[in-house]
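Asker: Can you keep this structure in mind? I'll have questions shortly.
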Amino acid sequence: MPKLTVAERVTAMLRIRRFEEQCIRLSKEGQFPGHYHVYIGQEPTAVAACAALAAEDFVFSTWRNHGHLLARGAAADRMMAEILGKAGGYAGGRSGTLHLSVRELGVPATSALVGASLPLATGGALACKRRGSGVTVVFFGDAALEEGAFYEAMIIAAVWKLPILFVCENNSIPPAQRKRGQYTSSTLPAARLADVPQSLQIATEVVDGADADALAGCFERLVAEVRSGGGPRFVEVRCTRWPGNFPLWPELPGGEWQLAWAYGQQPDHADMAAWLQQSDPVLLYLRKQAAAGALDRAQAEAIDASVRAEMTAAVRFALDSPLPAANEAYEHVWAQGRQA
Ligand SMILES: Cc1ncc(C[n+]2csc(CCOP(=O)(O)OP(=O)(O)O)c2C)c(N)n1
Ligand SMILES: [Mg+2]
């Protein structure tokens with residue numbers, strides 16, 4: 001698969017971050033009802049994984065799906081319209097944020113139920129194996145290891161040697177332990193998450209979720225191994241939780257994210273300052289690329305400006321899109337030809 005350039009990787013990560021800042025703003029304005037989850041702080045994982053995929057591959061995800069879909073190439077305007085429950089959304093406003101999916105991009109399902117995507121993804125991998133091409137990537141959180149569906153999926157995948165990559169985004173990691181690997185999900189008795197798939201003979205890797213380059217290398221390698229018939233792989237991505245994710249409803253603790261924070265300016269908010277310094281994968285990547293002479297501040301500003309313009313237009317599209325018509329309430333609900 002083509003590797004992303006530095007500018008493409010920054011663009012892909014900023015698309016997710018700026019998109020979700022708009023989600024937080026729109027939710028606070030009451031533009032859409034109900035709960036939602038954001039992916040801020042985990043951007044390079046989705047970007048690295050999706051960059052390693054081909055058009056024929058499948059992606060499955062959870063309630064924290066915005067980043068996965070944007071990285072897979074979904075249009076921000078149709079995604080935003082879907083989140084707002086509008087007719088212009090990918091599912092005509094029926095799925096909202098929690099079940100957002102885009103079939104034509106090979107993302108047949110996302111689910112708000114912990115662990116629920118795992119057996120579906122295993123079915124996707126079986127389909128790939130039967131047709132003789134393609135792989136499946138499934139993203140899930142660390143709490144999925146506390147669900148029976150996780151074990152069913154892993155066992156079937158291991159026994160049938162299915163072409164599937166299990167991507168556990170473990171965002172329960174305190175910053176200091178992200179690299180040392182001593183900390184797991186709060187209620188799983190296994191000392192390390194990786195011990196669980198390994199006990200089922202599934203080759204496992206642990207990667208730093210704040211290191212975009214390490215993630216890129218890891219996903220290229222693992223997807224290639226799965227694609228060449230090596231059977232399932234499991235990767236634990238060790239992320240730290242973004243401070244805006246601590247309240248029940250997402251917040252922007254230091255206000256909108258500032259590109260200037262990558263170039264020496266300090267935020268006023270103490271929690272944000274600590275997280276930005278140690279764990280923000282976008283800032284860490286920008287600083288690294290600036291130091292290497294690969295992307296300077298002016299280039300990053302130009303990317304950010306174009307991403308912001310894209311998101312402003314996406315919000316406009318979503319707000320202007322009509323609500324679904326009442327007489328179409330049963331469309332997008334049943335599979336074609338199966339209408340009751
Ligand atoms: C089967 C089920 N049980 C409980 C919930 C309520 N719930 C929503 S998110 C969540 C925690 C998920 O944690 P994790 O898998 O680590 O994902 P994260 O949100 O941290 O990314 C729970 C328990 C649910 N959605 N589904
Ligand atoms: Mg978690």
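Residue by residue, here is whether (1) assigned to a loop (DSSP other than H, G, I, E, B); (2) touching a strand residue (DSSP E or B) at 6+ places or on another chain (Cβ under 8 Å); (3) within 16 Å of ligand 1 (Cβ to nearest atom); (4) modelled with pLDDT under 95 holds:
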position: Arg221; (1), (2), (3), (4): no, no, no, no
position: Phe234; (1), (2), (3), (4): no, yes, yes, no
position: Trp249; (1), (2), (3), (4): yes, no, yes, yes
position: Gln265; (1), (2), (3), (4): yes, no, no, yes
position: Ala274; (1), (2), (3), (4): no, no, no, yes
position: Val282; (1), (2), (3), (4): no, no, no, no
position: Gln289; (1), (2), (3), (4): no, no, no, no
position: Ala294; (1), (2), (3), (4): yes, no, no, no
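Asker: OK, next. Can you tell me how many residues within the stretch 61-97 are within 16 Å of ligand 2 (Cβ to nearest atom) and in a loop (DSSP other than H, G, I, E, B)?
Answerer: Summing the residues that are within 16 Å of ligand 2 (Cβ to nearest atom) and in a loop (DSSP other than H, G, I, E, B) in the stretch 61-97 gives 4.
Asker: Any residue in the stretch 100-111 that is more than 24 Å from Thr240 (Cβ to Cβ), outside any loop (DSSP other than H, G, I, E, B) and within 16 Å of ligand 1 (Cβ to nearest atom)?
Answerer: yes
Residues checked against (1) surrounded by fewer than 19 Cβ atoms within 10 Å (Cβ to Cβ); (2) more than 10 Å from ligand 1 (Cβ to nearest atom):
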residue: Ala121; (1), (2): no, yes
residue: Gly124; (1), (2): no, yes
residue: Cys128; (1), (2): no, yes
residue: Arg131; (1), (2): yes, yes
residue: Gly134; (1), (2): no, yes
residue: Val138; (1), (2): no, yes
residue: Asp142; (1), (2): no, no
residue: Glu146; (1), (2): yes, no
residue: Tyr151; (1), (2): yes, yes
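Asker: Take the residues in the stretch 159-178 that are assigned to a loop (DSSP other than H, G, I, E, B) and among the charged types (D, E, K, R), then tell me which one is modelled with the highest pLDDT.
Answerer: In this case the residue turns out to be Lys161.
Asker: How do the pairs read when you match residues in the stretch 80-106 that are charged (D, E, K, R) with residues anywhere that are surrounded by 24 or more Cβ atoms within 10 Å (Cβ to Cβ), using Cβ under 7 Å and keeping only pairs 6 or more apart or on different chains?
Answerer: Glu82/Gly89; Glu82/Leu100; Lys86/Ala318
Asker: Looking only at the stretch 41-87, count every residue that is closer than 30 Å to Ser228 by Cβ and not polar (S, T, N, Q) and tell me the total.
Answerer: Going through the stretch 41-87 one residue at a time, the tally reaches 26.
Asker: Now for a different question. Working carefully through the options Ile83, Ile156, find the one that is more than 28 Å from Trp242 (Cβ to Cβ) and either at pLDDT below 95 or away from ligand 1 (no atom under 16 Å from the Cβ) (or both).
Answerer: On the way: Ile83 fails: more than 28 Å from Trp242 (Cβ to Cβ).
Exactly one of Ile83, Ile156 is more than 28 Å from Trp242 (Cβ to Cβ) and either at pLDDT below 95 or away from ligand 1 (no atom under 16 Å from the Cβ) (or both), namely Ile156.
Asker: I would also like to ask the following. What is the one condition in (1) over 17 Å from the mean Cα position of the chain (by Cα); (2) more than 16 Å from ligand 2 (Cβ to nearest atom); (3) surrounded by 15 or more Cβ atoms within 10 Å (Cβ to Cβ); (4) not small (Gly, Ala, Ser) that Gln266 does not satisfy?
Answerer: Status for Gln266: all satisfied but (3).
Asker: Checking Thr45 against (1) away from ligand 1 (no atom under 15 Å from the Cβ); (2) in a helix (DSSP H, G or I); (3) among the polar types (S, T, N, Q): exactly one of these is not met. Which one?
Answerer: Only one criterion in (1) away from ligand 1 (no atom under 15 Å from the Cβ); (2) in a helix (DSSP H, G or I); (3) among the polar types (S, T, N, Q) is unmet by Thr45, namely (1).
Asker: Of these, Ala49, Ala55, Ala109, Ala87, which one is over 23 Å from Gln289 (Cβ atoms) and touching a His at 6+ places or on another chain (Cβ under 9 Å)? Walk me through it before giving the result.
Answerer: On the way: Ala49 fails: over 23 Å from Gln289 (Cβ atoms); Ala55 fails: touching a His at 6+ places or on another chain (Cβ under 9 Å); Ala87 fails: touching a His at 6+ places or on another chain (Cβ under 9 Å).
Only one candidate passes the filter, namely Ala109.
Asker: OK, next. Assess whether Trp249 counts as being over 25 Å from Ala127 (Cβ atoms), touching a residue at least 40 places away in the same chain (Cβ under 8 Å) and surrounded by 15 or more Cβ atoms within 10 Å (Cβ to Cβ).
Answerer: no
The values are calculated or read from the model by the stated rules, or taken from the named source; none is laboratory data. If you're wondering where the values come from, they're calculated on a predicted model, not measured in any experiment. Cβ: placed from backbone, ideal geometry, glycine included. Neighbour counts: every protein chain shown.
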